[in-house]
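What follows is calculated from the coordinates using simple rules that are stated; it is not laboratory data. Just so you know, these numbers come straight off a predicted model, no measurement behind them. Heads up, the Cβs are rebuilt from the backbone with ideal geometry, glycines too, and the neighbour counts pull from every protein chain shown.
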Amino acid sequence: MEVNSRAISAELAAERARIRHQDDALATDDIRRRLQRLTASHEKFERTVERDLEVDAAGLATMDLLITRGPATPTELARAVEISTAAMTLVLNRLEASGHITRESHPTDRRKVVVTATEASTIRAHDSFQPLLRGVDTLVDSMGNDERLAVATFLAELLAIYDEAISASTRR
């Protein structure tokens with residue numbers, strides 16, 4: 001689907017005009033700025049966790065996959081992190097040297113290797129993320145059902161916008 005920038009600009013202008021007439025509504029620009037701050041804060045948080053765990057961005061993404069999805073082959077990890085298998089080998093070498101992962105022979109295909117996050121590393125990662133997760137849980141628990149629905153709907157639609165932007169970018 002091709003995006004019509006004039007139609008989007010007109011929609012945004014109409015939305016801004018509508019919000020200006022509602023004293024209690026946040027302006028579109030304010031929401032956009034808050035999303036930018038959220039993105040910047042998330043990136044800063046990830047850099048902090050990377051420092052805590054002594055890994056780089058690709059290492060953190062790989063650890064996240066191993067902890068949340070479980071053991072995987074290097075090829076599966078490379079696809080998920082969207083890097084080459086050669087680059088993944090370097091990531092895994094660094095993670096293994098720092099005690100974050102183990103590599104073992106695949107149980108049914110001796111030509112393959114299965115990568116697993118170590119228990120100690122998993123605990124360290126959980127400890128790094130717990131303050132954020134507890135804070136989000138507390139915030140969500142403090143919301144009423146209507147607020148939760150509004151936020152969930154907004155986030156689902158925002159994710160769809162990201163997916164479309166990514167798809168449009170890859171089609172170029």
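Data overview
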item: Residues Thr138 and Asp29, FRET efficiency given R0 of 22 Å [Cβ-Cβ distance, rounded to 0.05]; result: 0.20
item: Whether region 55-172 is rounded, prolate or oblate, judged on the alpha carbon gyration tensor where a/c under 1.5 counts as rounded; result: oblate
item: Cleavage-rule hits (chymotrypsin sites (Phe, Trp or Tyr not before Pro)) in region 107-165: DSSP loop, at most 10 neighbouring Cβ within 10 angstrom; result: none
item: In order through region 77-92: 3J(HN,Hα) via Karplus (6.51 cos²θ - 1.76 cosθ + 1.60), integer Hz, x for Gly, Pro; result: 5, 4, 4, 5, 7, 6, 10, 5, 5, 5, 5, 5, 4, 5, 4, 5
item: Distance in nm between pseudo-label sites at Thr170 and Thr116 (7 Å out along the Cβ direction from Cα); result: 3.1 nm
item: Sites matching trypsin sites (Lys or Arg not before Pro) across region 70-138 that sit in DSSP coil, with at most 11 neighbouring C-beta atoms within 10 Å; result: Arg110, Arg111
item: Of the GluC sites (Glu not before Pro) in region 44-98, those whose Cβ has at most 10 other Cβ within 10 Å and which sit in DSSP loop; result: Glu82
